[in-house]
Amino acid sequence: MAKQLSIGLDDHSYPIVIKDTRITANDLAPYIKGRQVMVVTNDTIAPLYLQSIVGELDAFNVDTLVLPDGEQYKNQATVDKIYDALLSQGHSRTTTLIALGGGVIGDMTGYAAACYQRGVNFIQIPTTLLSQVDSSVGGKTGINHPQGKNMIGAFKQPNAVFIDIGMLSTLAPREFSAGYAEVVKYALLGDAEFLTWLESNWAAIEQGDADTLISMIAHCCDMKAQVVEEDEKEHGKRALLNLGHTFGHAIEVEQGYGQWLHGEAVATGMIMAARLSQSLGKISTEDVQRVINILEKAKLPVKAPQHMTQNHELFLQHMAKDKKVLDGSLRLILLDKIGSAVITSDFELDTLINTIRAS
């Protein structure tokens, strides 16, 4: 089974290919624009898949760069290593970068591709569930800053996205669960029927059934593609894709990048967003419990760090540095109902503080 979707933008369209067979030269070659290629990966993925991908590129001049694995390395110093490698190997503006890894590698490689010689081509080969359903699609790239998550970056659309679900077989269970949080996010913000489907198919998802995984990943990619086509640069609707992220990013920054996985922080953030939505009369207590249940079943954290909930000022400090803050006003993505979200500043500070304390 395989599925191919596409994103159609005014000045750039590209395919998203999802399959359960390995990625081949026939897949990659049409989207490599010059003769030079650099494959960027990390020291976890390299022993598993790097030589397989390089072996499909024997018609090109290929260099490789293996970076350390972890969110704590998603910074300017690591991106500089990509520039150093490109320059030392004489890569020109017709080179193609291939991001082979999860969201960290994809974000950094895409950012480097946006900046190197003012922009070169790149291809995404996401290896984690989180990157397959979310970060590899849509062109958001960037790095973290000690004061804020993903605060430095650029929009840079890939030439293509190739997803081999077989790569999930080597993914640690904790990483799989973290990616699943982003899957649940799509259901909560835009598709109540998809949430019901996820609840009914969790056993097949957890067991790695190929057809189920392809259907799930394709549905998420299709939802994201539709949003990106409508709002590529996040001037409006695309911000809905950040459900739970303002709370979650605060946790990641305070705990130290890499201590909580991104998806773990987002899972807790979505529960906090649901609790605030319930406090505002938008959803029921039963709805909140439903959100908790589906995330808890996937062994995701459902409570924020206690020292943060007991010190709401600390939590709010981090939230104030979120990218969705506009003219000094904190905007959050909240639920109107299960399957529908809204961007709003229409909440009292006391209500937000009570949500933090109760989380």
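The values are calculated or read from the model by the stated rules, or taken from the named source; none is laboratory data. This is a predicted model, so every value here is computed, not measured. Reconstructed Cβ throughout: ideal geometry from the backbone, glycine too, with neighbour counts over all protein chains shown. We work out accessible area using only protein heavy atoms, side chains counted, and drop any ligands, DNA or RNA first. Shrake-Rupley method; radii C 1.70, N 1.55, O 1.52, S 1.80 Å.
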When the stretch 33-56 is examined, which residues are found to be within 14 Å of residue 105 (Cβ to Cβ), assigned to a helix (DSSP H, G or I) and open to solvent by 70 Å² or more (accessible area, probe 1.4 Å)?
-> 48
Inspect all residues belonging to the stretch 299-315 and state whether any of them is in contact with a Phe, Trp or Tyr (Cβ under 8 Å, 6 or more places away or on another chain) and under 23 Å from residue 190 (Cα atoms).
-> yes
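Among the candidates 225, 210, single out the residue that is of a type in the set (A, V, I, L, M) and either open to solvent by 20 Å² or more (accessible area, probe 1.4 Å) or touching a helix residue (DSSP H, G or I) at 6+ places or on another chain (Cβ under 8 Å) (or both). Outline the logic, then answer.
Details: 225 fails: either open to solvent by 20 Å² or more (accessible area, probe 1.4 Å) or touching a helix residue (DSSP H, G or I) at 6+ places or on another chain (Cβ under 8 Å) (or both).
Step by step, each of 225, 210 is checked, and only 210 is of a type in the set (A, V, I, L, M) and either open to solvent by 20 Å² or more (accessible area, probe 1.4 Å) or touching a helix residue (DSSP H, G or I) at 6+ places or on another chain (Cβ under 8 Å) (or both).
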Please identify the pairs in which a residue from the stretch 138-163 that is under 17 Å from residue 8 (Cβ atoms) and of a type in the set (Gly, Ala, Ser) has its Cβ atom under 7 Å from the Cβ atom of a residue that is open to solvent by less than 10 Å² (accessible area, probe 1.4 Å) and part of a strand (DSSP E or B), counting only partners at least 6 apart or on another chain.
-> 160/14; 160/123
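Let's see how each residue does on (1) of a type outside the set (Gly, Ala, Ser); (2) free of Cβ contacts under 8 Å to residues at least 12 places away in the same chain; (3) open to solvent by 30 Å² or more (accessible area, probe 1.4 Å):
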site	(1), (2), (3)
254	yes, no, yes
259	yes, yes, yes
281	no, yes, yes
285	yes, yes, yes
289	yes, yes, yes
320	no, yes, yes
332	yes, no, no
351	yes, no, yes
Among the residues listed as 59, 77, 29, the single one being of a type outside the set (S, T, N, Q), part of a helix (DSSP H, G or I), in contact (Cβ under 8 Å) with a residue 24 or more places away in the chain and loosely packed, with under 14 Cβ neighbours inside 10 Å = 29
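Working only within the stretch 32-54, note down all residues that are farther than 22 Å from residue 92 by Cα and without any contact (Cβ under 8 Å) to a residue 60 or more places away in the chain.
Of the residues in the stretch 32-54, the ones farther than 22 Å from residue 92 by Cα are 42-52.
Hits for the stretch 32-54 are 43, 44, 46, 47, 50, 51, 52.
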Some residue of the stretch 89-99 being touching a Gly at 6+ places or on another chain (Cβ under 8 Å) and charged (D, E, K, R) | yes
When (1) open to solvent by less than 10 Å² (accessible area, probe 1.4 Å); (2) farther than 21 Å from residue 175 by Cβ; (3) in a helix (DSSP H, G or I); (4) without any contact (Cβ under 8 Å) to a residue 60 or more places away in the chain are applied to residue 106, the one that fails is (2)
Filter result (of a type in the set (Ser, Thr, Tyr) and touching a residue at least 24 places away in the same chain (Cβ under 8 Å)) within the stretch 175-208 | 177, 180, 186
Of all residues in the stretch 192-242 being more than 21 Å from residue 296 (Cβ to Cβ) and outside any helix (DSSP H, G or I), the one that is farthest from the chain's Cα centre (by Cα) | 209
Scan the stretch 111-142 residue by residue and report those that are open to solvent by less than 10 Å² (accessible area, probe 1.4 Å), in contact with a Phe, Trp or Tyr (Cβ under 6 Å, 6 or more places away or on another chain) and not in a loop (DSSP other than H, G, I, E, B).
-> 113, 123, 125, 129, 142
Residue list for the stretch 191-207, filter: open to solvent by 30 Å² or more (accessible area, probe 1.4 Å) and out of contact with any Ser or Thr (no Cβ under 7 Å at 6 or more places or on another chain) | 191, 192, 193, 196, 197, 199, 200, 203, 206, 207
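Restricting attention to the stretch 143-163, and to residues there that are in contact with a Cys (Cβ under 9 Å, 6 or more places away or on another chain) and in a strand (DSSP E or B), which single residue is most open to solvent (accessible area, probe 1.4 Å)?
Restricting attention to the stretch 143-163, the residues satisfying the condition of being in contact with a Cys (Cβ under 9 Å, 6 or more places away or on another chain) are 154, 156, 161, 163.
Imposing the further condition that a residue be in a strand (DSSP E or B) reduces the set to 154, 161, 163.
Working: 154: 31, 161: 0, 163: 1 Å².
So, considering only residues that are in contact with a Cys (Cβ under 9 Å, 6 or more places away or on another chain) and in a strand (DSSP E or B), the one most open to solvent (accessible area, probe 1.4 Å) is 154.
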When the residues of the stretch 164-174 are filtered to those that are touching a residue at least 60 places away in the same chain (Cβ under 8 Å) and either under 25 Å from residue 7 (Cβ atoms) or hydrophobic (A, V, I, L, M, F, W, C) (or both), which remaining residue is most open to solvent (accessible area, probe 1.4 Å)?
-> 166
